[in-house]
1. Evaluate the distance, in nm, between pseudo-label points positioned 7 Å from the Cα of residue 3 and of residue 38 along their respective Cα→Cβ axes.
2. Mind listing P(r) for the chain? All alpha-carbon pairs, 10 Å bins, whole percents.
3. Just check segment 65-134 against the gyration tensor rule for me: Cα atoms, a ≥ b ≥ c as the square roots of the eigenvalues, rounded for a/c under 1.5, and otherwise prolate or oblate depending on whether a/b exceeds b/c.
4. For the peptides 3-9, 65-71, what is the packing order when you average, over each peptide's residues, the other Cβ atoms within 10 Å and list the highest mean first?
Ligand code: CMP
């Protein structure tokens with residue numbers, strides 16, 4: 001089925017001017033960008049978005065990193081979008097990511113790993129609603 005997922009192009013990627021390269025990889029994988037905006041996340045936004053990781057030892061560093069520069073938040077649409085996006089992103093740790101994936105090509109580290117993608121349809125809906133109003137999504 002055609003579904004939607006939520007993506008973030010992270011500060012390590014925007015800093016290296018890779019917004020286009022990352023977006024091209026997503027498009028080449030069969031995903032369509034149906035919403036996109038460049039923002040500088042506030043600490044409150046980053047803490048709220050990553051609330052499920054609050055107890056993890058890397059939480060403070062993660063929030064600091066995600067607020068260290070601009071990000072591009074996107075809604076992606078396509079056949080089985082969550083899985084398709086996870087496949088093209090590659091493993092969280094670029095050291096484990098398969099050849100040809102975004103993280104293998106571009107990520108600097110497990111933290112500065114260039115992209116975020118939703119891990120389920122349920123979380124995709126929550127994450128999309130966190131950053132976008134319905135009228136900002138144009139399918
Ligand atoms: P993301 O998909 O955005 O969700 C949580 C993020 O935490 C993850 O990608 C990583 O970039 C970041 N992170 C930093 N350190 C770790 C770690 N040790 N294990 C898992 N994720 C980590």
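Values quoted throughout were computed directly from the atomic coordinates according to the rules given, and no laboratory measurement underlies them. For clarity, every value in this text was computed on a predicted model and none was experimentally measured. Cβ: placed from backbone, ideal geometry, glycine included. Neighbour counts: every protein chain shown.
1. 3.1
2. In order of increasing distance, the bins hold 13, 45, 37, 5 percent.
3. On the way: a/c = 2.32, a/b = 1.30, b/c = 1.79.
Because a/c hits 1.5 or more and a/b fails to exceed b/c, segment 65-134 counts as oblate.
4. On the way: 3-9: 23.9, 65-71: 18.3.
My ranking of the peptides, most packed first, is 3-9, 65-71.
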